[in-house]
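Reading through the structure tokens given below for one structure.
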Amino acid sequence: MSSLLNDIHEEDVANFLNRNREFFHVFPNLLDELSIPHPETGKAVSLLERQIYQLRKQRDELQVEVDTLINIAGENGQLFHKVKEFTKSLMACRTEQAAVNCIIQEMNQRFDVEEVALVSWEVPSQSLHGITQLGISQTWVETLKATLQPQEPACGLLEDEWQKGLFHSHEPMQSVCLLPLGEKRVWGVLALGSTTDRFHPNLGTYFLKIMAEMVTARLCHLFND
């Protein structure tokens, strides 16, 4: 008998109880003898106390999730309002030059973007101040052109050479967001730079896609798109 007991392990008991959920219904008196440690103090507590602790813990975890969802909803609401106002301002522009000025100003002021660059690797049908043409002979420009896909914003880090080529800034950007411009093909990019990790790789891109579409719709005729 002693040999059989020695062959029984804790996992065996746990598996048995898991398969026989009615066990303590048949032997309720065993519950009075159970010693259950409190997760924080380590002191023995009753089964009911342990269940109450577990329910409170689950409640607190659910509350954190609810608070997080509420915060996200609030942030998305504010961002939606900004995108709507940006779209209205862009639609109100009567000239292409006014539209380019609007894009850069809105990114700087309404969206608090530190560095903004509107660049293309094709020659627009009209010369506009604020649109910089990138020479495709540069290796990084060719790589950028080949990497970007229509309606697929990219966020994260950029190599130093890319940053200097896009922003012409001595201060390095800790994170960058690239909004590809173009419907059938990418003919340019709206580059946004930040000295923080604001544009991290896991950033949601729903509103960024909308802004890229708005800019593309306003300027695409300049590039025969």
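The values are calculated or read from the model by the stated rules, or taken from the named source; none is laboratory data. Quantities reported herein were computed from a predicted structural model and do not represent experimental measurements. No Cβ is skipped: glycine too gets one built from the backbone with ideal geometry, and neighbour counts run over all protein chains shown. Just so you know, the surface numbers come from the protein's heavy atoms only, side chains and all, with ligands and any DNA or RNA stripped out. Shrake-Rupley method; radii C 1.70, N 1.55, O 1.52, S 1.80 Å.
Would you work out which of SER125, VAL83, SER137 lies farthest towards the positive end of the dipole of the stretch 82-140? Charges go on Cβ: Lys and Arg +1, Asp and Glu -1.
VAL83
If ILE103, ILE131, ILE52, ILE70 are ordered by their accessible area, calculated over protein heavy atoms with a 1.4 Å probe, which sequence runs from highest to lowest?
Most to least solvent-accessible, the answer reads ILE70, ILE52, ILE131, ILE103.
For the stretch 128-225, with only Lys/Arg (+1) and Asp/Glu (-1) charged at the beta-carbon, what is the dipole magnitude about the Cα centre, in debye rounded to 20?
That gives the stretch 128-225 a dipole magnitude of about 260 debye.
Just want the answer: with Cβ charges of +1 for Lys and Arg and -1 for Asp and Glu, which residue in MET173, MET214, LEU190 is farthest toward the dipole's positive end in the stretch 160-219?
After comparing all options, I get MET214.
Which of the residue pairs LYS82/LYS164; LYS57/LYS209; LYS57/LYS84 have a Cα-Cα distance greater than 31 Å in the structure shown?
LYS57/LYS209; LYS57/LYS84
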